[in-house]
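To keep things clear, I will list the structure first and then write my remarks on it.
The values are calculated or read from the model by the stated rules, or taken from the named source; none is laboratory data. Quick caveat: nothing in here was measured; it's all calculated off a predicted structure. As a convention, Cβ positions derive from the backbone with ideal geometry for all residues, glycine included, and neighbour counts pool all protein chains shown. Only protein heavy atoms, including side chains, enter the accessible area calculation; ligands, DNA and RNA are left aside. Shrake-Rupley method; radii C 1.70, N 1.55, O 1.52, S 1.80 Å.
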Amino acid sequence: MPPVTHIEDLRRIARRRIPRAIFDYADRGSYDEASLRANREDLAALKLRQRVMIDVSDRNVATTMLGEPVTMPVGIAPTGLTGLFHADGEILGCRAAQAFGIPFTLSTMSICSIEDVAGAVDKPFWFQLYVMRDRGFSRSLVERAIAANCSALVLTLDLQIQGQRHQDIKNGLAVPPKLTLKNALDIATKPVWALKVLRGKRKTFGNLTEAPGARDGISTLAQWTAGQFDPSLSWKDVEWIRSIWPGKLILKGVLDVDDARIAASVGADAMVVSNHGGRQLDGAPSSISILPSIVEAVGDKTEIMFDGGVRSGQDVLKAMALGAKSCLIGKAWLYALAAGGQRGVTQALEIIRKELDVSMALTGTRDVRKVTAEVLHAPRRDDVIRPPGGRPAVAAAE
């Protein structure tokens, strides 16, 4: 096998090693996948400014996220079904992140539970919360995160109603995976994956086993989960979460300047500029195209994080040049987990850190904490990424 040199290598390996339904869950987006493509295309459209004859012998990629030191400005985003990409995947991902010196976020829709992960690692991690119709159960999740000593709560705002992901429906995605005629051959060709998952701690959503109705069986649990995303959510619910959560609060899924101003006013310590990886509102703009206008509006009031298409150190550098203080990776780390477990995640983080370091050097940048738009090459006027009604991401060349 040729050496792994970038995230795309890990993606190709993952595609071979896990069932199609699981791979597509990470890899694909909603509806026509226009926003999914825009995330990658708009990042690629930003060009880095090559600089020469600048002393870059002493470089630093370390910084802070929410006041905590990190070895690079990258955290692992919350991802559902992680324990199906690799047995005990949440535990392995958290161990890899903590050993590397970056934050790990556990999803509400994880396979391993909050307690499973807390009992297997030595340091606090972040927990992501979906506020569901059953507010009592939502409160219990917050209480469990407090008991597990989670250091931050990531409240996802952009999944009141789930966007349709055509490929998940066509693949018959189920949790745990169901053996049907359609997927039997696919699973049969992945015996190593199947054996490991069977031996893992859990095969279904670990955080939801005590939810009302969950004890009646897996099918009932699946129905309960599908009906729990709540279209009535409002900013009052964010205020309620703020009142019962004593630690750092991150609001994830902000993609509009007006929403960003509200988010900054409700006591959040940080917000993540995100379109949910192109998995929710298809046709929404890319995360990177909206980032500059949100930074301009509220960047002095709260810490701005970014996600949406980040698969390289160059992507991280571009996001920071447009005002983000850090980035979260979702798809990239799932590919790595599926490809090589904990070692694969570590490999992905090493790749991103090296790419960031080299790209900084070649743009004449010594310290990641001091990155500005100066590292970006000013585009032609008609190439400027301009959010609807917003200012250009980069000033156009005269």
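A few comments on the model shown:
- For the residues VAL175, VAL131, VAL142, the requirement of being aliphatic (A, V, I, L, M), within 21 Å of the chain's Cα centre (by Cα) and more than 30 Å from ASP269 (Cβ to Cβ) singles out VAL175.
- Residue check for ILE7: crowded, with 16+ Cβ neighbours inside 10 Å and on the phi < 0 side of the Ramachandran plot: yes
- Filter result for ALA38 (of a type in the set (A, V, I, L, M, F, W, C), surrounded by fewer than 18 Cβ atoms within 10 Å (Cβ to Cβ) and in a helix (DSSP H, G or I)): no
- Among the residues of region 50-69, those that are aliphatic (A, V, I, L, M), surrounded by 13 or more Cβ atoms within 10 Å (Cβ to Cβ) and either without any contact (Cβ under 8 Å) to a residue 24 or more places away in the chain or in a loop (DSSP other than H, G, I, E, B) (or both) comprise VAL56, VAL61, ALA62, LEU66.
- Counting only residues that are open to solvent by 10 Å² or more (accessible area, probe 1.4 Å), aliphatic (A, V, I, L, M) and either within 16 Å of the chain's Cα centre (by Cα) or modelled with pLDDT under 95 (or both), region 103-123 holds 1 of them.
- Any hit, region 373-394, residues being over 20 Å from GLY278 (Cβ atoms), under 19 Å from the mean Cα position of the chain (by Cα) and modelled with pLDDT of 95 or more: no
- Contacts under 6 angstrom Cβ, first residue in region 70-97 being at pLDDT below 95 and among the hydrophobic types (A, V, I, L, M, F, W, C), partner crowded, with 24+ Cβ neighbours inside 10 Å and part of a strand (DSSP E or B), 6 or more apart: none
- Any chance LYS203 is at pLDDT below 85, surrounded by 13 or more Cβ atoms within 10 Å (Cβ to Cβ) and among the charged types (D, E, K, R): yes
- Pairs linking a residue in region 281-307 that is closer than 20 Å to PRO73 by Cα and of a type in the set (A, V, I, L, M) to a residue that is modelled with pLDDT under 95 and part of a loop (DSSP other than H, G, I, E, B), with Cβ atoms under 8 Å and 6 or more positions apart or on different chains, are ILE288/ILE385; ILE288/ALA393; ILE290/PRO387; ILE290/GLY390; LEU291/ALA393.
- Restricting attention to region 250-278, the residues that are modelled with pLDDT of 95 or more and not in a helix (DSSP H, G or I) add up to 14.
- Residues of region 293-325 that are open to solvent by 30 Å² or more (accessible area, probe 1.4 Å) and closer than 21 Å to ASP9 by Cβ: ARG311, GLN314.
- Residue count for region 347-364 satisfying the condition of being β-branched (Val, Ile, Thr) and out of contact with any Ser or Thr (no Cβ under 8 Å at 6 or more places or on another chain): 2.
- Looking across region 228-255, just one residue is touching a helix residue (DSSP H, G or I) at 6+ places or on another chain (Cβ under 7 Å) and of a type in the set (Gly, Ala, Ser), and that is GLY253.
- Within region 124-159, considering residues that are part of a helix (DSSP H, G or I) and in contact with a helix residue (DSSP H, G or I) (Cβ under 7 Å, 6 or more places away or on another chain), the one surrounded by the most Cβ atoms within 10 Å (Cβ to Cβ): ALA145
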